[in-house]
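Right, one structure below, let's go through it.
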Amino acid sequence: MRTQSYFLQSLPGDEVQSYILSQYVPGNQKRPLEGVLLSKIPFSHPEQVPAILEVLRHQCAFNTLLSSCISTSRSDCAVSGARHFEVYPSSDMSFCITFEHPTMVSLATVLVNVVSSRHIQGTFYKSEKMEASMDDFISRVLQRCMSIPVTMRAICRKMHKLKSASLVEVGSPCQPEAVTN
């Protein structure tokens with residue numbers, strides 16, 4: 001039984017990302033991820049409609065994020081030259097994205113938690129302490145674009161900028177003081 005699917009996403013600037021989507025919940029290899037198709041939602045009173053709509057919006061936000069990783073370009077294995085990401089469920093409304101850290105030799109993980117249709121949290125985990133604003137940055141990008149590939153590209157670019165800034169800070173020679181005559 002196949003437990004993983006590989007998808008390729010092409011982004012502007014000739015960037016290719018490879019996504020591996022796990023079909024099983026970690027720790028429970030017997031329960032595959034399943035969906036339910038609804039054709040109607042019965043309710044007995046009009047006051048129930050706003051709560052039902054909120055549940056549907058919440059699920060739609062989660063589905064939109066996951067479907068942004070899925071494309072018609074499928075592969076039976078990872079593609080060389082592409083940046084690779086593994087997406088696996090963490091709970092009913094959250095999932096993790098694991099990838100090779102772009103500026104270090106280590107893995108990093110982003111936990112995406114869909115709190116509500118209007119509130120999506122992104123939390124960045126890696127071996128070394130990162131700037132505290134990284135989680136806020138990820139959350140803002142996720143909420144604006146509702147796309148995992150665009151968010152992951154933004155995260156990688158931000159990490160490169162942070163590394164460049166820290167190298168300039170640490171390695172820059174002292175500026176000579178101005179001489180006044």
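How many of the residues making up the stretch 91-114 are aliphatic (A, V, I, L, M) and free of Cβ contacts under 8 Å to residues at least 12 places away in the same chain?
So the first thing to find is which residues in the stretch 91-114 are aliphatic (A, V, I, L, M), and the list is 93, 97, 104-105, 107-108, 110-112, 114.
With the extra rule that they be free of Cβ contacts under 8 Å to residues at least 12 places away in the same chain, the set shrinks to 105.
Number of matching residues: 1.
Yes/no per residue for (1) in contact with a strand residue (DSSP E or B) (Cβ under 7 Å, 6 or more places away or on another chain); (2) at pLDDT 90 or above; (3) not hydroxyl-bearing (Ser, Thr, Tyr):
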{"position": "Lys40", "(1), (2), (3)": "no, no, yes"}
{"position": "Glu47", "(1), (2), (3)": "no, yes, yes"}
{"position": "Leu53", "(1), (2), (3)": "no, yes, yes"}
{"position": "Cys60", "(1), (2), (3)": "no, yes, yes"}
{"position": "Ser90", "(1), (2), (3)": "yes, no, no"}
{"position": "Ser94", "(1), (2), (3)": "yes, yes, no"}
{"position": "Glu100", "(1), (2), (3)": "yes, yes, yes"}
Residue satisfying condition, being within 30 Å of Cys60 (Cβ to Cβ), at pLDDT 90 or above and polar (S, T, N, Q), within set Ser133, Ser139:
Ser139
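Could you go through the stretch 24-38 and let me know if any residue there is modelled with pLDDT under 85 and of a type in the set (Gly, Ala, Ser). Working first, answer last.
Our first condition is that a residue be modelled with pLDDT under 85; within the stretch 24-38, this holds for 24-38.
After this cut, where a residue has to be of a type in the set (Gly, Ala, Ser) as well, the list is 27, 35.
Yes, the conditions are met somewhere in the stretch 24-38.
The values are calculated or read from the model by the stated rules, or taken from the named source; none is laboratory data. Worth saying up front: this structure is predicted, and the values here are computed from it rather than measured. Ideal geometry is used to build each Cβ from the backbone, glycine not excepted, and the neighbour counts take in all protein chains shown.
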